[in-house]
Structure formats: C-alpha cells, structure tokens
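Engineer: Quick one: structure below, then a few questions.
The values are calculated or read from the model by the stated rules, or taken from the named source; none is laboratory data. Keep in mind that what you see is a predicted model, and the values were worked out from it rather than measured. All Cβ positions, glycine included, derive from the backbone under ideal geometry; neighbour counts span all protein chains shown. Surface accessibility is based on the protein's heavy atoms, side chains included, excluding ligands, DNA and RNA. Shrake-Rupley method; radii C 1.70, N 1.55, O 1.52, S 1.80 Å.
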Amino acid sequence: MSISVSSQNETSKLERLGAHSHIKGIGLNDNLEPKESSDGMVGQVKARRAAGVILRMIQGGKIAGRSILMAGPPSTGKTAIAMAMSQTLGSGTPFVSLSASEVYSLEMSKTEALLQALRKSIGVRIKEETEIIEGEVVEVQIDRSITGGNKQGKLTIRTTDMETVYDLGTKMIDALTKEKVLAGDVVTIDKSMGKVTKLGRSFTRARDYDAMGADTRFVQCPQGEIQKRKELVHTVSLHDIDVINSRTQGFLALFAGDTGEIKPEVREQINTKVSEWREEGKAEISPGVLFVDEVHMLDIECFSFFNRALEDELAPIVIMASNRGITRIRGTNYRSPHGIPVDYLDRMLIISTQTYSHEEVKEILHIRCQEEDVDMAPSALDYLASIGRETSLRYALLLISSSNQIALKRKSATIEDSDIKRVYDLFLDQSRSVKYLEEYEKNYVAETEWPATEDAASMQED
C-alpha cells in the first residue's frame, strides 16, 4: 500500500503599515473646502483649509523661501497634514521630511546637515532632446551564425505614412529579445541609448488570436515620421547634483550612503551652471517642501541659519511642527513660544491644530481598523475612542493591533469590549505610568541628589 502526501507551500507577503499609511491626500475639493472625512483625513477643518491655500501657492510656483509653522497639542494631526500635503503634491514636487534631532551629528556640522536638507527640497527639471524611432513592428529577422559569433538582423517598422527597414547589431537584437518584441507590437527605440520600450499591440492585430492575456494593451499605429525628436525631462534635486560633482565616483556616490560635507565652491559653481541652464531654457527650478518635525529641538544657530538661507533665490518652502508651548530656546536661557526665536516666529505663517472630538477620534480609529484589516465591534470602537480621549490618540491607535491578537487568541475575528479592556490593563498609558512611578518610586534605582533647581528645570525643558 502506498500513501501519497501532497504538500502546498504558501508564500505570504509581509506588509508593514506605517502610522500615516492611511492618508491619501489633504481631503479638499476644488474650492478648497475640506470634507469632514476624506482621503484618510478627519477633522482639523481650519488647518486643512490653510494647508490647501499653501498647496495652491506651491503648485502655482507663487511661494518659495517661506516658513510655515504647524503648532498644536500632541496627537492633533500635524505630521498627518504634512504627509497629506506630500501626497497631494505628488512625485513631481520634492518633499523632504526631517526630524530636528537628525541635524546633530559628529560627521557634519548642523548648518551643513540643514543645507543638504534644503537642497534636497529643490528640484531641477533638466530638459533634453533625443532622437527616437517609433512605429509598429512589421517583421524582425535575426541571423544567427553557426559558430555563435556576432548576431545580425533586420527590423522592419512602419507608421501610417511610411515603412523603413533598419539593420540590427548584437546590442539591439538583445534589447528586442529581452522585451519579447514581436510583429504587431508598437515600440519606441531611443537611438542614443539603444533602449527599447514596448507600448502595446497595434489595433490592426487585435483579431490575430482568439484569446489574449488580460494585460494585453492595444494602441494606435503611430502617424508621421518614424524618426522623431522628443523632449525628455529629468528631475533631480540640487543635492544630487552637488554629490555627483563633489565625489570621484560621480553618479555612483548617490548610492554610497553618507555623502559627508560638500565644499561651498562646488555649490557656487553648480548654482552658476543651473542659472545658465535656466536662462538658456534647458532647466527649470521646482521649489519643494522641507518638513521639520519637533522643531523646538533646533538651537539658536539653526534658526539663524534658516533666517539667512530662506532669503536665497534658491530656497524651498519650510514647514515646521511643534507641540511645545512657552519653552526655552535651545542654546540660550531665553523662553519663547514653541521654542522658536520671536524674530523668526514673526516671519512664519502659523497653522493651529485643535484637539480631536470624541466622534473624530472614533472615525480615525475606524479608518485605521480598515487600513490594518481589523474588524472591531461598534461598542468596542466607542470604548477605544473614549480611551483615546482620556489618554492620547497615539495610545489608542497602538491598542488596535494588540487587541486584535487577544481576539484571535480566543478564536474570534471581531474585537470586543473585553479585548480592549484586556490590553488596556496590560499596557500602561503615559499618565498611568507616571502615577505608578510616583507611587513606587522608592523601589527604583535613582539619583540620591538632583542638580541645582535651575539646571533641573532646564533639563526637564530639554
């Protein structure tokens, strides 16, 4: 007797969800009127409307070298609004996110780190003309020698107006073979690089086969000349150009990791060259956005640098976020709103965010449950929203995945009130943790004496 055992290997894709992966846009209509819940954004109607005005000015190229401050209590959507602005701007506009603590490094100065971040936020659209061959492939002939030497062949290609035969070398034959180009395909060939791009199947070949793949795309046969001149636009950042021109590896230096400090002379030469390209019409400047989170961590030197840097002709829009009130400016003994010098604060457009209501917290938690593919009972969602209001929204969001594990343990696909209560008892929020620490402080290892009162106060502010 023989027993056959069949086994099936299943490969599951591991997906990691970010804290703001549910955000798809700013949630405004064409008249800059925010919807209560749209594109993953909930509430903060006034702040989103203000952000929409800023977006319009950025997209119209009417604003650059400006600073915007998003100020509000913790867990009020400051970073979420910045991420929504990034999604709305799209890939054509540079958006660089930076935490203020990242500028403090032993490998480069603070001002160099900020300058690199600013230049990463400035896009340069370089225009270039290239010759291409575009048409429908009529026939591909490949002659392979018996000895396996150089391959030769002919490519017959046509448009609606003309037909031409081209001789093929080994490189072009390999490129056509790689793209699996057949008669009836509409292709584009870059003559300078030898790159072959298959656009799809010609409509004239739509009836060649009874069955077609689901991904088969049909396109019209091109018109006019087979050889054409096409304008290509390459978008790079000023920082990319800096790196390429300051390292012996050239373009490969972009993949080498830390770029180190770049000499001012190199940047001056690049700025001059980019200005020449702009005058000749070969390039356009696209000021992007630099988002600096936890801006109160910057010191007085950094703010002085921003004061000067934003007056430069090549300057992006700088959006800063802070959840601090009146606090000490780092590097000084002066106290100021949000830890930002008053003279710099005077130059900023300030967007204020407000604490979420119970219903708004509930809606955000509902969106996150959908994003994390979690089913939560309405009563449990309401209970979790109450916890979010009492503690913080961040804490409530963290309880979603952990409560889901509790529900799965009892073999249920839906999170109930008991699951929320269980994880609430297991994991302390910030206020309960502080209360526990105060109650059992004597059981912890601690310093017997604190520094002087003024130093202790300054340490707490830092």
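Engineer: Out of residues 5 or more away from Arg201 or on other chains, whose amide H comes under 5 Å of its own, with H placed 1.01 Å from N in the peptide plane?
Structural biologist: For Arg201, the qualifying residues are Val186, Arg217, Phe218, Val219.
Engineer: Leaving out ligands, DNA and RNA, what percent of the accessible area of the range 305-397 is carbon and sulfur, probe 1.4 Å?
Structural biologist: Using a 1.4 Å probe with all protein chains present, the range 305-397 comes out at 46 percent carbon and sulfur.
Engineer: Short version: ³J(HN,Hα) in whole Hz for each residue of the range 358-375, in order, from phi by Karplus 6.51 cos²θ - 1.76 cosθ + 1.60 (θ = phi - 60°), x for Gly and Pro, what are they?
Structural biologist: 4, 5, 5, 4, 4, 5, 4, 5, 5, 5, 5, 4, 5, 5, 8, 6, 10, 9
Engineer: Cα centroids of the range 146-199 and the range 302-324: how far apart, whole angstrom?
Structural biologist: Rounded to whole Å, the Cα centres lie 51 Å apart.
Engineer: Would you mind counting up the charge near Glu360? Only other residues with Cβ under 12 Å from its Cβ, with Lys and Arg at +1 and Asp and Glu at -1.
Structural biologist: -1
Engineer: May I pose another question? Distance check, please: which entries in Lys120/Lys191; Lys171/Lys230; Lys178/Lys282; Lys120/Lys198 exceed 24 angstrom between their Cα atoms?
Structural biologist: Pairs exceeding 24 Å: Lys120/Lys191; Lys178/Lys282; Lys120/Lys198.
Engineer: Got a sec to turn the phi values of the range 304-315 into Karplus ³J(HN,Hα) couplings, 6.51 cos²θ - 1.76 cosθ + 1.60 with θ = phi - 60°, whole Hz, x for Gly and Pro?
Structural biologist: In residue order, the calculated couplings are 5, 5, 4, 3, 7, 5, 6, 8, 6, 4, 9, 9 Hz.
Engineer: Near the amide H of Ile122, under 5 Å away, which other amide H atoms are found, from residues 5 or more places off or on another chain, if H is placed in the peptide plane?
Structural biologist: Leu238, His239, Gly288
Engineer: Calculate the dipole size of the range 35-141 relative to its Cα centre from +1 charges on Lys and Arg beta carbons and -1 charges on Asp and Glu beta carbons; express the result in debye to the nearest 20.
Structural biologist: The dipole of the range 35-141 has a size of about 1120 debye.
Engineer: Tell me, in nm to one decimal, what length is gained between Lys195 and Arg49 on full extension, where the rule is 0.36 nm per residue of separation less the Cα-Cα distance?
Structural biologist: 48.1 nm
Engineer: Which residue, Thr160, Ile132, Ser121, has the largest displacement toward the positive end of the dipole of the range 97-186 when charges sit on each Cβ (Lys, Arg +1; Asp, Glu -1)?
Structural biologist: Farthest along the dipole direction, towards plus: Ser121.
Engineer: Right, here's the next one. If you restrict to DSSP beta bridges whose two residues both lie in the range 263-341, what percentage is antiparallel, to the nearest 5?
Structural biologist: 40 percent
Engineer: Name the residue farthest towards the positive end of the dipole of the range 273-344 from the options Pro337, Leu298, Val318, assuming +1 on Cβ of Lys and Arg, -1 on Cβ of Asp and Glu, about the Cα centre.
Structural biologist: Farthest towards the positive end: Pro337.
Engineer: Taking H placed 1.01 Å from N in the peptide plane, check which residues at least 5 places from Phe291 or on another chain put their amide H under 5 Å from its amide H.
Structural biologist: So Phe291 has HN proximity to Val96, Ser97, Leu98, Ile319.
Engineer: Also, I was wondering about something else. Pull out the extension gain between Gln223 and Ser412, defined as 0.36 nm times the separation in residues minus the alpha carbon to alpha carbon distance; nm, one decimal.
Structural biologist: Roughly 61.9 nm would be gained on extension.
Engineer: Give me the percent of the accessible area of the range 44-187 that comes from carbon and sulfur atoms, probe 1.4 Å, all protein chains in place.
Structural biologist: Carbon and sulfur: 50 percent of the exposed surface of the range 44-187.
Engineer: Apply the Karplus parameterisation 6.51 cos²θ - 1.76 cosθ + 1.60, with θ equal to phi minus 60°, to every residue of the range 190-203 and state each ³J(HN,Hα) to the nearest whole Hz, in sequence, with x for glycine and proline.
Structural biologist: In residue order, the calculated couplings are 7, 5, 6, 9, x, 7, 10, 10, 8, 7, x, 8, 6, 4 Hz.
Engineer: Could you name the lysines in cross-link range of Lys411, using Cα to Cα under 20 Å and dropping any fewer than eight places away on the same chain?
Structural biologist: In chain and number order, the partners are Lys421.
Engineer: Give me the one-decimal nm value for the distance between modelled label points at Glu441 and Ser91, 7 Å along each residue's Cα-to-Cβ direction.
Structural biologist: The modelled label-to-label distance comes out at 5.5 nm.
Engineer: Net charge near Gly281: determine it from the other residues with C-beta under 13 Å of the C-beta of Gly281, scoring Lys and Arg +1 and Asp and Glu -1.
Structural biologist: Around Gly281, the charge tally is -3.
Engineer: Which aspartates and glutamates have a Cα less than 14 Å from the Cα of Lys24, not counting those fewer than 8 places away in the same chain?
Structural biologist: The qualifying aspartates and glutamates are Asp39, Glu371.
Engineer: Let me ask something else. Report the local net charge at Asn307: Lys and Arg +1, Asp and Glu -1, summed over other residues whose C-beta lies under 12 Å from its C-beta.
Structural biologist: Here the charged neighbours net out to -3.
Engineer: Would you mind calculating the gained length between Thr177 and Lys24 on full extension (0.36 nm times residue separation, minus the Cα-Cα distance), in nm to one decimal?
Structural biologist: Length gained, Thr177 through Lys24: 51.2 nm.
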